[in-house]
Amino acid sequence: MNKQELELIRADFPILQEKIYNKDLIYFDNGATTQKPRAVVEKIEEGYYHLNANIHRGVHYLSQKATEAHEDARTTVAEFLHAANREEIIFTRGTTEAINLVASSFGEAFCKAGDEVVVSVMEHHSNIVPWQMLCERKGMKLRVIPMTENTELDLDAYRLLLNSRTRIVSITHVSNVLGTVNPVAEMIKIAHAQNIPVLIDGAQAVPHIPVNVVELDADFYVFSGHKIYGPTGIGVLYGKEKLLNQLPPYQGGGEMIATVTFEKTTYNELPFKFEAGTPDYIGSTALAEALRYVQNIGLENIASHEHELLEYGTQRLMEIEGMRIIGTAENKSAVISFLVGNIHPYDLGMLLDKLGIAVRTGHHCAQPLCDAMGIPGTVRASFALYNTKEEIDAFITALKRVVGMLQ
Ligand code: PLP
């Protein structure tokens, strides 16, 4: 991406012009949520101003138009993930709800006391707690894939964890703390050799890496709209049709039924079986707009730009005395977690904020990972397509100043 292209992209994101404490905003908290391009915000406005009516059950014009837009959005998501068919796309509130849905419905259909669920040490709490809750409910065991010294999952240990009691593997594609890109295709193959299905948490992957769920052979793949330039409150569960058809509904209500009597209810077909109640049809259309935005720029272009930022940022951070980069995998996404000497990450984050720089500090909802590494948390700079090397330069200057004050 050249300078001119980058400037055009930045102009699509009005918030980047904001002043924070009279300083230019430098937004390096993209792992938590990304900023929104004008096209996405305008889509939301257009939805509420011109297309708003409840979907699926209306004969009138607006309802039909809103239904069409929502179902077109489903097709856009299916194409984005290269799903075999659009009925395999379930809209949820986000990654968290998608994982809870699978843990609940898959757990109900396939799990019993003594069974095991395999997750990894680098999971977000969203991919730990729903499985823990299932384990408590059913008397099952949570098994954890450890990692090697260079913060990559230990595949030998992974192979040894799988056995006839393993019902499902649920792992992140990209770690939100370490940036590690896990070899999920290989890990899925290993699990499938023992007929074990795999859920991939793609929350930190889809904004940065082209994903093809069929090539990966993922059984479930989940992500959140707000981390890929879309709105909050909308996300996606992809599931293989055959598996989804075997799962009971997650929630009951309107939309998900075929017939209801007080004696018995029969359920709707996919995808509606898993979409009880009025869905976020404005959110889904805005998410589709975000995916089109990303596709117009091209995920390969985005990945290569972010990789440059990762390399440059890592190299510049190493200028700082006492710098310790947390996350040293060979294959890394544009996330840099770090600690400096004995300075608490919170103090660094607070002072950087006063200079207009937004980074995240703490355990990043991955407390077991921080515990395993014996650290209180990290400072995390996570980059997006609109970030620049100049911003990294300003960040390094600010960080040197802040470190000087705290040492
Ligand atoms: N999984 C990973 C790897 C994440 O980074 C996050 C959010 O930071 C989540 C899951 C949860 O996403 P959400 O809060 O959008 O449901």
Item to complete: For the stretch 59-73, state whether one or more residues are closer than 20 Å to Ala358 by Cβ and either within 16 Å of the ligand (Cβ to nearest atom) or in contact with a His (Cβ under 9 Å, 6 or more places away or on another chain) (or both).
Response: no
Response to the item:
The residue that is nearest to Arg324 (Cα to Cα), considering only those in the stretch 147-156 that are surrounded by 14 or more Cβ atoms within 10 Å (Cβ to Cβ) and not charged (D, E, K, R), is Thr151
Worksheet, complete the sentence: Only unsatisfied item for Thr166, checking (1) touching a strand residue (DSSP E or B) at 6+ places or on another chain (Cβ under 8 Å); (2) within 14 Å of the ligand (Cβ to nearest atom), is (2)
Worksheet item: Would you pick out the residues in the stretch 169-205 that are within 10 Å of the ligand (Cβ to nearest atom) and of a type in the set (S, T, N, Q)?
Response: Thr172, Ser175, Asn176, Gln204
Practice prompt. Check Leu351 against each of (1) surrounded by fewer than 23 Cβ atoms within 10 Å (Cβ to Cβ); (2) hydrophobic (A, V, I, L, M, F, W, C); (3) within 23 Å of the chain's Cα centre (by Cα) and name the one condition it does not meet.
Written response: (3)
Worksheet, complete the sentence: Within the stretch 124-157, residues being of a type outside the set (A, V, I, L, M, F, W, C), in a helix (DSSP H, G or I) and within 16 Å of the ligand (Cβ to nearest atom) number 5
Item to complete: Could you tell me which numbered condition Phe262 fails, if it satisfies all but one of (1) farther than 24 Å from Glu123 by Cβ; (2) in contact with a Lys or Arg (Cβ under 7 Å, 6 or more places away or on another chain); (3) not basic (Lys, Arg)?
Response: (2)
Worksheet entry | Criterion violated by Phe80 - all others in (1) within 16 Å of the ligand (Cβ to nearest atom); (2) closer than 20 Å to Leu287 by Cβ; (3) touching a helix residue (DSSP H, G or I) at 6+ places or on another chain (Cβ under 8 Å); (4) not acidic (Asp, Glu) satisfied | (1)
Practice prompt. Could you please let me know if Gly139 is out of contact with any Asp or Glu (no Cβ under 8 Å at 6 or more places or on another chain) and buried (at least 17 other Cβ atoms within 10 Å of the Cβ)?
Written response: no
Discussion item. Among the residues of the stretch 94-104, are any within 12 Å of the ligand (Cβ to nearest atom) and of a type in the set (Gly, Ala, Ser)?
Written reply: yes
Item to complete: Give me a count of the residues in the stretch 146-172 that are without any contact (Cβ under 8 Å) to a residue 40 or more places away in the chain and under 20 Å from the mean Cα position of the chain (by Cα).
Response: 1
Response to the item:
Going through the stretch 246-299 in order, the residues found to be among the small types (Gly, Ala, Ser), more than 21 Å from Asn100 (Cβ to Cβ) and in contact with a helix residue (DSSP H, G or I) (Cβ under 8 Å, 6 or more places away or on another chain) are Ala286, Ala288, Ala290
Worksheet item: Can we say Ile90 is of a type in the set (Val, Ile, Thr), assigned by TED's automatic domain parsing to the domain that holds Leu162 and outside any helix (DSSP H, G or I)?
Response: yes
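The values are calculated or read from the model by the stated rules, or taken from the named source; none is laboratory data. Since this is a predicted model, take the numbers as computed values, not measurements. As a convention, Cβ positions derive from the backbone with ideal geometry for all residues, glycine included, and neighbour counts pool all protein chains shown.
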